[in-house]
Each structure stands twice: as structure tokens, then as C-alpha cells.
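Asker: I am attaching a structure below and will ask some questions about it afterwards.
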Amino acid sequence: MIGQQTIWQKLFKKPSAIFALAVILFTVLIAVFAYVISPDNTPYANNMAIELAAKQPGFSTRFLLVPKIVKQSESSAWQAFWSGKPSNFVSVPIDGYFEKGNELVVRHYIDEGLEDTLHYSLSALQTNPKYLLKDIVKNQVKSQTFWLGTDRYGRDILSRLIVGTRVSISVGLVAVLLSLSIGIFLGSIAGYYGGWVDDLVMWVINILWAIPTLLLVFAITLTIGKGFWEIFIAIGLTMWVGAARLIRGQVKVIKEMEYITAARALGLSDMRIIFRHILPNIAGPVMVIAASNFATAILIEAGLSFLGIGVQPPQPSWGLMIKEHYNFLLANRPILAIIPGIAIMLLVYAFNILGNALRDVLDVRD
């Protein structure tokens, strides 16, 4: 078995592996700190301004923050960090403003070359009894640049792309943990015991192998329902088959080795032999298939969201973002669908590159 230090030394000698690890680590950090770095830190980055629908990258405007009549409940620091902070303001896009007595008169932006005039009294805008109109203008007129543009509902694409990172990382993590747990258990007992146990496990594997993955996910989704965690579980329950077949083959080879025979002669239990002496020696192939399954889970989730049975709105998902805007490919706004597509491609590519690098590093014949 290759030492852990040797694995990392070999891995860091491969520029492609370094690139893949950097992309994955960067994506994980974005997922964890999504609402800290997102320009729109409201839950699901769902702050809409319909007037700003489908704006090009780099579009800038100013907003007047008008207090909502019904205030949102205060969220704790942890809730704001993990789930976003509900806004107590309505963002009104404006082209300009001027003061008139105790009123703020704003030129409400509607579209390019189209605007109307809105009048707001001091009492309608006050968030602090001590604020004068000049204080309101200073604190509640904000400028914002949409670096990746806006979607069809006027939401910031960059913010939704950042928050949507959590879905891709989460689905990969949950699917890999679930698929490996089932695959390792069934594959190891099938390979170790053989006989009718092996026949039964292989019968189940062959049946599931013959069913297209998406159809199987559809069936599981219809059974357990649509939702954030339900989709992750459904994907994980369809991906254990490949892991089980690989682990079964590895276990069948290793169980014939002399040290396993010696362990049996010493009276060690079957479970101890499997989990203490066999599985640690097939960690390499398991790591490779884990990286592969991670990439596959991201693609499946994106496909399901694109078909409308994955993550549901307003939860942002890269696949859902493509579904909402793929028709803009023909309407001179292809960036709306291309940006999340590039994000999916880059992350899947990184996991595939990492899987290939791990396979090369863990190849004892190298």
C-alpha cells in the first residue's frame, strides 16, 4: 500500500492534479462562505427587480431602498451566514433623484430610455426617527454593478451562481457517501463470501445496471418526493452499483492472498478481516471511483434540475439556471445560460482530472 506522503508527493508533481485540486478547493470555499461573499445575501439570492431583467454583464444602476411595511424577523449571525439575511427593503431602481420639501422625488428606471416619477414622503422612507431626508439619501440610495448581468427576473446572476455552488457540492458529497456506503458493504460481502450471496448481489446489480440512470432517479424521486435532500438521496441510491462491482472484484482477488489466509487461521472474524485487512488495501480504487461519482452526481443533478424535477425554485441550482434561460440562446442573451454551463463543466472537469491523477498515482505498476 502506497504511503500517504508518497501519494501527495506524486500528486503534486502533476500540474493537472494541482489545477483540479485548486478548482475544487476554491469551489468548496465559495460554497461554505456563499452568503458572505455574495452581493445579494438574501435567502437563495432571490432579490428581484423585474425592471432589470436580462441585463448584460457589467450593468450598473442605483437603487432606492424603500422599507417594507411588514418587517422580516431578525436572523441570528449563524442563520445569516448559512441561510442568508432577509431584507427589510424593496429595491427600486432609479436614474436619479432630487429633494422637494419633505419628499424625495425619484426617476424610476423602467427600461432603457423609459422611466416615470415616484414621490416618497419622509415618513415612508424613515428607518430611524432621527433621520432627516439627507440622511435617508445617504444611507438608502445605493449603487450596484451586476458583474455577470441579471436573469429574467432581475436577480443578480453572480449571487445565484455563488449560492448555487452549494447544491453541486452538496449533491456530490451526499451521493458519494451514500453510494460508497452501500457499494462497499454489498461489494465486500459479495466478493468475500461468494456463492449464493455473490449471486444475489450480482442479480440486483445487473437489474439496476440495465435501467437507465435518469429513469431510475425518476422512479425513486416519485417514491420519496421532490426536494433538496430527496434529490440527493435519489442520486446516491442509483450510483452504488458501479462501486459495488469494482469493490467485489478487488475483494475476490485480495481474499486469496496469504495474509488473509493467515488471518482466518488466527480465528479473526469475517467482518474484522473485511474491514481491517481487505478494505484498507483497496482504498486507491475507492478514491478513484469516489471522484468519478462526485462528477457524475453533479451532472445528474444539473440534468434533473434542467428537466424540472431536481432542486425547486427559488433555490438556485446551476442546472435550474440553464433551464430558466436556455431560450435566451436565441434572443441575443446567451450569457444567461452559458455562465452556469461553464461552471458545471469546470467543476466536473476538475473531478475527472483528479480521478485520473489518483488512478495514475495509486497504480503500483508505475
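Nothing in this text is a laboratory measurement; each read-out follows from the coordinates by a stated rule. Nothing here was measured: the structure is a model prediction, and the numbers come from that model. Methodologically, a virtual Cβ is constructed for each residue, glycine included, from the backbone with ideal geometry; neighbour enumeration extends over all protein chains shown.
Asker: Spelling out what I want: for every residue of the range 169-177, take phi, set θ = phi - 60°, compute 6.51 cos²θ - 1.76 cosθ + 1.60 (Karplus), and round to whole Hz; glycine and proline get x.
Answerer: With coefficients 6.51, -1.76 and 1.60, one gets 5, 5, 5, x, 5, 5, 5, 5, 4 Hz.
Asker: Could you give the size of the charge dipole of the chain about its Cα centre, using +1 on the Cβ of each K and R and -1 on the Cβ of each D and E, expressed in debye and rounded to the nearest 20?
Answerer: 580
Asker: Skipping prolines and chain starts, which residues have an amide H placed within reach, meaning under 5 Å, of the one on VAL90, given they are 5 or more residues away or on another chain?
Answerer: Excluding prolines and chain starts, which carry no amide H, the hits are VAL66, LYS68.
Asker: What's the center-to-center distance, using Cα atoms, between the range 12-41 and the range 184-203 in Å?
Answerer: So the two Cα centres are separated by 39 Å.
Asker: So what are the three principal axis dimensions of the range 139-242 from its Cα atoms, in whole Å, longest to shortest?
Answerer: Projected onto the principal axes, the Cα atoms of the range 139-242 cover 74, 24, 20 Å.
Asker: Against the globular-protein guess of 2.2 N^0.38 Å, express the Cα radius of gyration of the range 49-152 as a ratio, rounded to two decimals.
Answerer: 1.18
Asker: Go through the range 28-135 and name the trypsin sites (Lys or Arg not before Pro) that are in a DSSP coil and have 13 or fewer other Cβ atoms within 10 Å of their Cβ.
Answerer: Those satisfying the criteria are LYS68, LYS71, LYS130.
Asker: Same structure, new question: Size of the dipole of the range 49-152 about the Cα centre, Lys and Arg at +1 and Asp and Glu at -1 on the beta carbon, nothing else charged, in debye to 20?
Answerer: Dipole size: approximately 420 debye.
Asker: Which is farthest toward the positive dipole end of the range 111-226 among GLY154, THR117, SER170, measuring Cα position about the Cα centre, with Cβ charges +1 (Lys, Arg) and -1 (Asp, Glu)?
Answerer: Of GLY154, THR117, SER170, it is THR117.
Asker: Rounded to the nearest Å, what's the spacing between the alpha carbon centres of the range 288-327 and the range 86-165? Just the number, please.
Answerer: Cα centroid to Cα centroid, the span is 33 Å.
Asker: Tell me which label goes with the value of volume of the Cα convex hull per residue in Å³ computed from the coordinates here: (i) 125; (ii) 113; (iii) 183.
Answerer: Only one option fits the structure, namely (iii).
Asker: Longest span of the chain, sites excluded, free of GluC sites (Glu not before Pro) in DSSP loop with at most 13 other C-beta atoms within 10 Å?
Answerer: 113-255
Asker: How high is the FRET efficiency between THR145 and ASP270 when r is their beta carbon distance and R₀ equals 51 Å, given to the nearest 0.05?
Answerer: Computed FRET efficiency for THR145 and ASP270: 0.20.
Asker: Could you work out how far apart the two model spin labels at THR6 and SER73 are, taking each label as a point 7 Å from the Cα in the direction of the beta carbon, and quote it in nm?
Answerer: According to this spin-label approximation, the distance is 5.7 nm.
Asker: Add -39500 (n - 2.57) for each DSSP H run of 4 or more in the chain, then divide by its residues: what number comes out at 222 nm, to the nearest 500 deg cm²/dmol?
Answerer: Helix-only estimate at 222 nm: -18500 deg cm²/dmol.
Asker: Under unit Cβ charges (Lys, Arg +1; Asp, Glu -1), what dipole magnitude, rounded to 20 debye, does the range 225-289 have relative to its Cα centre?
Answerer: Computed about the Cα centre, the dipole is about 60 debye.
Asker: Averaging sequence separations of C-alpha pairs under 8 Å and six or more residues apart, then dividing by the length of the chain, give the relative contact order as a whole percent.
Answerer: So the answer I get is 21 percent.
Asker: Which whole-number percentage describes the relative contact order of the range 49-152, with Cα contacts under 8 Å and a sequence gap of 6 or more?
Answerer: The normalised contact order for the range 49-152 reaches 41 percent.
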